[in-house]
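S.K.: Attaching a single structure in structure tokens format; questions to follow.
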Amino acid sequence: MYFNEGAELYNESNDLPLHETKKADEIRGRAKGKFEQALPNLEKAHKLKPTDKDTMVSLKSIYARLQLKEKYEEIKEKLGN
């Protein structure tokens, strides 16, 4: 749920005109908060079912957006891409 909310906010910020950077930054900040809320649940789900690709794809997206490079590379390798 938090992941989806974060993704929607992130997409909303990308749809804004270029001159609305302040508003886009504010929305991205809210999206980051949602991703941070989603992260512990997704990491727990990954531990419980480490081969679930949907969970890994979501984690990859969150790691990229939160700039968690080491975790991003690790999950990217597990996904094979």
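S.K.: Cross-link partners among lysines for K22, C-alpha distance below 28 Å, same-chain residues fewer than 8 apart left out?
M.R.: Cα-Cα hits under 28 Å: K32, K34, K60, K69.
S.K.: Follow-up. Any idea which of A7, H46, P17 is furthest toward the positive side of the dipole for the chain, if Lys and Arg beta-carbons carry +1 and Asp and Glu beta-carbons -1?
M.R.: The Cα lying farthest towards the positive end belongs to H46.
S.K.: Please give me the summed charge of the neighbours of K60: other residues whose Cβ is under 15 Å from its Cβ, Lys and Arg +1, Asp and Glu -1.
M.R.: In short, -1.
S.K.: Treating the beta-carbon of each Lys and Arg as +1 and of each Asp and Glu as -1, no other charges, what is the dipole magnitude of the chain about its Cα centre, to the nearest 20 debye?
M.R.: 240
S.K.: Considering the chain as a Gaussian network with a 10 Å cut-off on Cα pairs, which listed residue, E43, E12, E20, attains the greatest mean-square fluctuation?
M.R.: E20
S.K.: Shifting gears a bit: Taking all protein chains in place and a 1.4 Å probe, what share, in percent, of the accessible surface of the chain do carbon and sulfur account for?
M.R.: 50
S.K.: I've got another one for you. Report, in degrees rounded to the nearest 10, the 0 to 90 angle that the Cα long axis of helix 21-48 makes with the longest principal axis of the chain.
M.R.: Long axis of 21-48 versus the principal axis of the chain: about 10 degrees.
S.K.: Give me the 1.4 Å probe accessible area per residue for the chain, excluding ligands and nucleic acids, in Å².
M.R.: Per residue, the chain has 72 Å² of solvent-accessible surface.
The values are calculated or read from the model by the stated rules, or taken from the named source; none is laboratory data. What you see is a predicted model; the values in this text were computed from it and never measured. No Cβ is skipped: glycine too gets one built from the backbone with ideal geometry, and neighbour counts run over all protein chains shown. Accessible surface areas use protein heavy atoms only, side chains included; no ligands, DNA or RNA. Shrake-Rupley method; radii C 1.70, N 1.55, O 1.52, S 1.80 Å.
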